[in-house]
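Trainee: This is the structure I have questions about; it appears just below.
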Amino acid sequence: MKEFAGSTGLVLNEPLLFEKGKKGRSAVSMVRRDVDYFPVSEELTGAGPNFPDLCEVEVVRHYTRLSTWNFGVDTGMYPLGSCTMKYNPKTNERQACLPGFAGAHPLLPDELAQGLLKMMFELERFLAEITGMEAVCLQPAAGAQGELAGMLLLHAYLKSKGRKCAKIIVPDTAHGTNPASASLCGFAPVTVGSNERGVLSLEAVAAAMDEDCAGIMVTNPNTLGFFEENIRGIAEIVHSRGGLVYADGANMNAVMGIVRMGEIGIDVLHLNLHKTFSTPHGGGGPGAGPLCVGKKLAPFLPIPRIAREQGLFRLSSDFPLSIGKLHAFYGNVGIMIRAYSYILSLGPELKKASRLAVLNANYVKERLRGILHLAYDRACMHECVFSDKLQAPLKISTLEIAKRLIDYGFHPPTIYFPLVVSGALMIEPTETETKEELDLFVEAIRQIVEEAGEKRELLYSAPLRTKVRRLDETGAARNPRLTFPFNDLAGKNG
Ligand SMILES: *Cc1c(COP(=O)(O)O)cnc(C)c1O
């Protein structure tokens, strides 16, 4: 057995910039000033922050040291269920940095942005092909914005038929953003429970679907890691009562090139390019949540749309039924370039990526069987959900297991979600982990569970090896310290 990565070694402490520096210091490679001196602090900010004077190497070390405190997929396994924290091939980063793309100004006229527009046009076609949908809009800047746009489409479509609905069905296994997006658009979410297999039954949907329901918003594969196997029948029921089917496709990593959503009754679907299609994410960084629709919703898509006329690409706003604009310019283009590069470089191998993601999740599920309690004992898709039921008699909960994993060098999985499983641990290993790494992860959990018997106190105070020990999360939320340290530290500089 290989050794755990753990978390020891030369990790340097670093104070705030305001605690460093000395009056009059500056960088060696600053460009020579060619405008008049203008003092920042007094003129612009009144009393003003007392900016520290630092030399170049102090600034470089400050940020470089902070960067070594980061944990990401390039550092270690990050099995955060529902988030698809998979390795993003570096070639896709390189393509996004090509000067012609990275330097393109958003106000360029269409004639001077043909390459960029062509890339976006083709990406729309790729995503339409992968999802089996008719038309795609790349504009939404996040999965949740795609959902909101999708709800606005449903609303616009129903309105065009002279209808207005007050409700929408949302299963209890939906991602939390689903009911939020629905209510932001004025639809009251009606919760429908999943069955003993962790999926929706036809009967449950039939009982909830009435004329006042705009349709259903279903995460597929759902947050328990199961494919909604009754989706065709569900779509038939919803359609026969005048509703539409929205699918949250953020879990597409399980079914790329395998399931064409347009062919199983889905009317509208969003993807998360920053999960499935190669953009590093987390911490609220830029995202892209393209909206893919069938024929009947296409006229309502946001503008501008990318049109092709006589071999030229242009942004067209000539869509009278459109719900309007969602985002400045055309969304987060850098993420589209990564997705385009990812899809072109993998081609038919996209399907293999999904198969490996499913294989890895099932491998972890089988290896952890008996160590942790399996919430639903059946084959899963890209993620598997356990609970702390077996550890509860020892008074060890999901939180302790998650925190202790950090000491073993793993990012914890998603915890206490999905809500339908009490004390959930939701593990999504992704396709890019090796068998050795998965084995180490399983071994870490096995050892932690063993510690739960003999070293309970240790688990209560984990993580022990990190720079910051267990945080009082409730305290941080209830008593946030919002004052910037300018005032406290102003006197210390110099
Ligand atoms: C991540 C996720 C979302 C939300 O996407 P954001 O880009 O974070 O807004 C929605 N649904 C599912 C299933 C997700 O995993």
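Trainee: Is it true that residue 131 is within 16 Å of the ligand (Cβ to nearest atom), crowded, with 19+ Cβ neighbours inside 10 Å and at positive phi?
Mentor: Values: within 16 Å of the ligand (Cβ to nearest atom): yes; crowded, with 19+ Cβ neighbours inside 10 Å: yes; at positive phi: no.
Judged against the criteria, residue 131 is not a match.
Trainee: In region 150-173, what count of residues is obtained for those that are exposed (fewer than 14 other Cβ atoms within 10 Å of the Cβ) and either assigned to a helix (DSSP H, G or I) or within 15 Å of the ligand (Cβ to nearest atom) (or both)?
Mentor: 2
Trainee: Another question about this same structure. Looking at (1) out of contact with any strand residue (DSSP E or B) (no Cβ under 9 Å at 6 or more places or on another chain); (2) closer than 24 Å to residue 304 by Cβ; (3) within 16 Å of the ligand (Cβ to nearest atom), which is the only condition residue 176 fails?
Mentor: Only one criterion in (1) out of contact with any strand residue (DSSP E or B) (no Cβ under 9 Å at 6 or more places or on another chain); (2) closer than 24 Å to residue 304 by Cβ; (3) within 16 Å of the ligand (Cβ to nearest atom) is unmet by residue 176, namely (2).
Trainee: Moving on to the next point. Within region 243-265, track down each residue that is on the phi < 0 side of the Ramachandran plot, out of contact with any Ser or Thr (no Cβ under 8 Å at 6 or more places or on another chain) and in a loop (DSSP other than H, G, I, E, B). Give the steps one after another, and end with the answer.
Mentor: If we filter region 243-265 for residues that are on the phi < 0 side of the Ramachandran plot, which is where we start, we get 243-256, 258-264.
From what is left, the residues that are out of contact with any Ser or Thr (no Cβ under 8 Å at 6 or more places or on another chain) are 243-246, 259, 263-264.
Within region 243-265, 243, 259 meet the criteria.
Trainee: Would you check if there is a residue in region 335-351 being acidic (Asp, Glu) and surrounded by fewer than 23 Cβ atoms within 10 Å (Cβ to Cβ)? So that I can check it myself, show each step before the final result.
Mentor: Keep residues of region 335-351 that are acidic (Asp, Glu), which gives 349.
If we keep only those that are surrounded by fewer than 23 Cβ atoms within 10 Å (Cβ to Cβ) as well, we get 349.
Yes.
Trainee: Among the residues of region 285-299, are any without any contact (Cβ under 8 Å) to a residue 60 or more places away in the chain and within 25 Å of residue 72 (Cα to Cα)? Break it down into steps so the answer makes sense when it comes.
Mentor: Taking region 285-299 and keeping what is without any contact (Cβ under 8 Å) to a residue 60 or more places away in the chain, we get 285, 299.
Checking which are within 25 Å of residue 72 (Cα to Cα) leaves us with 285.
Looking through region 285-299, at least one residue is without any contact (Cβ under 8 Å) to a residue 60 or more places away in the chain and within 25 Å of residue 72 (Cα to Cα).
Trainee: Does region 1-20 hold any residues that are part of a loop (DSSP other than H, G, I, E, B), at pLDDT 85 or above and surrounded by 13 or more Cβ atoms within 10 Å (Cβ to Cβ), and which are they? Working first, answer last.
Mentor: Going residue by residue through region 1-20, those that are part of a loop (DSSP other than H, G, I, E, B) are 1-16, 20.
Among the residues that remain, those that are also at pLDDT 85 or above are: 14-16, 20.
Within region 1-20, 14, 20 qualify.
Trainee: Hey, among the residues in region 241-284 that are at pLDDT below 95 and within 10 Å of the ligand (Cβ to nearest atom), which one's nearest to residue 87 (Cα to Cα)?
Mentor: Only one residue tops the list, namely 281.
Per-residue answers, yes or no, for (1) touching a residue at least 60 places away in the same chain (Cβ under 8 Å); (2) under 30 Å from residue 441 (Cα atoms); (3) part of a helix (DSSP H, G or I):
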| site | (1), (2), (3) |
| --- | --- |
| 22 | yes, no, no |
| 25 | no, no, no |
| 30 | no, no, no |
| 69 | yes, yes, no |
| 85 | yes, yes, no |
| 121 | yes, no, yes |
| 126 | yes, no, yes |
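The values are calculated or read from the model by the stated rules, or taken from the named source; none is laboratory data. Note that the structure is a prediction, hence the values are computed from the model and not measured. Neighbour counts run over all protein chains shown; Cβ positions are idealised from the backbone, glycine included.
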